[in-house]
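*Asks:* Below is a structure I'd like to ask you about.
The values are calculated or read from the model by the stated rules, or taken from the named source; none is laboratory data. For clarity, every value in this text was computed on a predicted model and none was experimentally measured. Neighbour counts run over all protein chains shown; Cβ positions are idealised from the backbone, glycine included. Ligands, DNA and RNA are excluded from the accessible area calculation, which covers all protein heavy atoms including side chains. Shrake-Rupley method; radii C 1.70, N 1.55, O 1.52, S 1.80 Å.
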Amino acid sequence: MINFDYVRAASAADAVSRIAAFPGAKFIAGGTNLVDLMKEDVERPPRLIDISRLPLKHVEEIQGGGLRIGALVANADLAGAPPVAQRYPLLGDALRAGASGQLRNMASVGGNLMQRTRCCYFYDLATPCNKRRPGDGCSARDGLNRAHAILGASDACVATHPSDMCVALAALDAIVHVRGPTEGRALALTDFHRLPGDTPDRDANLEPDELITAVELPPKGFAEHYSYLKIRDRLSYAFALVSVAAALDLDGDRIREARIALGGVAHKPWRDARVEDAMRGAPANAATFGAAAQALLRDARALAHNAFKIDLAARTVVRALTQAARGTPQSQTDKRIG
């Protein structure tokens, strides 16, 4: 690990001012991802700006019935917050499916949004990686890539976004609030993260001098018909091969509204509004769910070692939607080896 300066921000305005004045600096809160990257010499920030004591740790009801979540709320605290348990249980299940209890106690909402890929080549300094150093090449394309992207990838990068929380937030139409040197702005969660294109080193549409301050949830939480289904290689402390956040609003046996977000398949949580729109008015049955899965994956492309992943993703979508339709609101985690 390199030497670095450490300063503590006194306010959100102070934090933004400090990072704008020092190119290459990084914010740190829980540090559950950044510190690991620094230990591996993947990240080399010359200065860390500690934001952990800023007043961004509240979960608050907002006018109109939504929820505002401070960027420094710990993942464990958010999963257990009464408004989340009662109105947005899909988010609570996704949070509990991530990492370990110890890490969830430290990890923050803003840090979860900004966590970087767990691609093994990104962490291995001996191998080329466009995300780590643009122009070097992508070792994963012809390497061990069974866990890599099947949607939205490019020749430059096939890494996937690792977050469970973000998959649920994408399904719930969350909004990310950020603050810059002169003003604040809001981004839809589905627009916050980027596909790799030819700039895979940029994970998010966040400027270097902007600070995440909050995440906002709309009033509708799909508390009756939802499911978060995560498929991974072992039963705990593992990232998703495929995950699905499914939420349904039903009128009898007909679908009034559907939300489907996929994790572990792309550089960002994956949603397709066309597929969700096509499900409106359709019966909540296996035929509808199978057609939705095929439509979601119509552009999927498998690499040499992950050809199984398209089929796995399709089956996971069908299972998650089936669980949501049945009103069996429980997080499901499977083990898959091979």
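*Asks:* Compute the relative contact order of the chain as a whole-number percentage, counting only Cα pairs closer than 8 Å that sit 6 or more residues apart in sequence.
*Replies:* Working: 782 pairs, mean separation 60.8, N = 338.
Dividing the mean separation by the residue count of the chain yields 18 percent.
*Asks:* To the nearest Å, what is the center-to-center distance of the range 1-71 and the range 151-191, using C-alpha atoms only?
*Replies:* Answer, in whole Å: 17.
*Asks:* List, in order, the whole-Hz ³J(HN,Hα) value for each residue of the range 125-134 obtained from phi through the Karplus relation with A = 6.51, B = -1.76, C = 1.60 and θ = phi - 60°; use x for Gly and Pro.
*Replies:* 5, 7, 10, x, 7, 5, 6, 7, 9, x
*Asks:* Can you work out D for the range 1-111 in µm² s⁻¹ from Stokes-Einstein, where Rh is the Kirkwood radius over C-alpha pairs, the temperature is 37 °C and the viscosity is 0.692 mPa s? The partial results should precede the final answer.
*Replies:* On the way: Rh = 15.2 Å.
Taking Rh from Cα pairs, D becomes 215 µm²/s.
*Asks:* For the chain, build the charge dipole from Cβ charges (+1 Lys, Arg; -1 Asp, Glu) around the Cα centre, then report which of Leu321, Val35, Leu78 sits farthest towards its positive end.
*Replies:* Leu321
*Asks:* If you don't mind, there's one more thing I want to ask. First compute the accessible area of the range 193-251 with a 1.4 Å probe, then give the percent of it belonging to carbon and sulfur atoms. Let's see the in-between values first.
*Replies:* Working: 1110 of 2240 Å².
Of all accessible area on the range 193-251, carbon and sulfur atoms account for 49 percent.
*Asks:* Keeping all protein chains in place, calculate the accessible area per residue for the range 1-147 (probe 1.4 angstrom), answer in Å².
*Replies:* Numbers: 6940 Å² over 147 residues.
Here the residues of the range 1-147 average 47 Å² of exposed surface.
*Asks:* With just the Cα atoms defining each centre, how far is the range 194-242 from the range 261-329? Give it in Å.
*Replies:* Cα centroid to Cα centroid, the span is 16 Å.
*Asks:* How fast does the range 59-153 diffuse by Stokes-Einstein, in µm²/s, taking the Kirkwood radius from C-alpha pairs at 20 °C and 1.002 mPa s?
*Replies:* 135
*Asks:* Of Met114, Met38, Met279, which has the largest mean-square fluctuation in a 10 Å C-alpha GNM of the chain?
*Replies:* Judging by the Gaussian network model, the answer is Met38.
*Asks:* Under a straight-distance cross-link criterion of Cα-Cα below 28 Å, which lysines are reachable from Lys57, leaving out those fewer than 8 residues away in the same chain?
*Replies:* Result set, ordered by chain and number: Lys26, Lys39, Lys220, Lys230, Lys268.
*Asks:* In square angstrom, what is the accessible area per residue of the range 225-335 with a 1.4 angstrom probe?
*Replies:* Working: 4640 Å² over 111 residues.
Ligands and nucleic acids excluded, the result is 42 Å² per residue.
*Asks:* Find the Rg to Rh ratio for the range 152-218, where Rh is the Kirkwood radius over alpha-carbon pairs and Rg uses the same atoms.
*Replies:* Working: Rg = 12.8 Å, Rh = 12.9 Å.
Result: Rg/Rh = 0.99.
*Asks:* Per residue, what volume in Å³ does the Cα convex hull of the chain take up?
*Replies:* Details: hull volume 43.4 nm³, N = 338.
So the per-residue hull volume is 128 Å³.
*Asks:* Can you tell me the FRET efficiency between Glu61 and Arg298 if r is taken as the Cβ-Cβ distance and R0 is 41 Å, rounded to the nearest 0.05?
*Replies:* Efficiency computed from Cβ-Cβ geometry: 0.55.
*Asks:* Next question. Report, to the nearest whole %, how much of the accessible area of the range 1-156 belongs to carbon and sulfur atoms, 1.4 Å probe, protein only. Present the calculation step by step, with values, prior to reporting the outcome.
*Replies:* On the way: 3620 of 7210 Å².
Roughly 50 percent of what the probe reaches on the range 1-156 is carbon or sulfur.
*Asks:* In the range 209-297, if every C-alpha pair distance is counted and binned at 5 Å from zero, what percent goes to each bin?
*Replies:* Percent of Cα pairs in each bin: 3, 12, 19, 22, 17, 14, 8, 3, 1, 0.
*Asks:* With the chain treated as a Gaussian network of Cα nodes joined by springs under 10 Å, which of Lys268, Lys230, Lys26 yields the largest mean-square fluctuation?
*Replies:* Among Lys268, Lys230, Lys26, the largest GNM mean-square fluctuation belongs to Lys26.
*Asks:* When Lys and Arg each count +1 and Asp and Glu each count -1, what net charge do the other residues less than 13 Å away from Gly92, Cβ to Cβ, add up to? Kindly include the intermediate steps, with their values, before the conclusion.
*Replies:* Values: positive: Arg87, Arg96, Arg104; negative: Asp77, Asp93, Asp164.
Within the 13 Å Cβ shell, the charges total 0.
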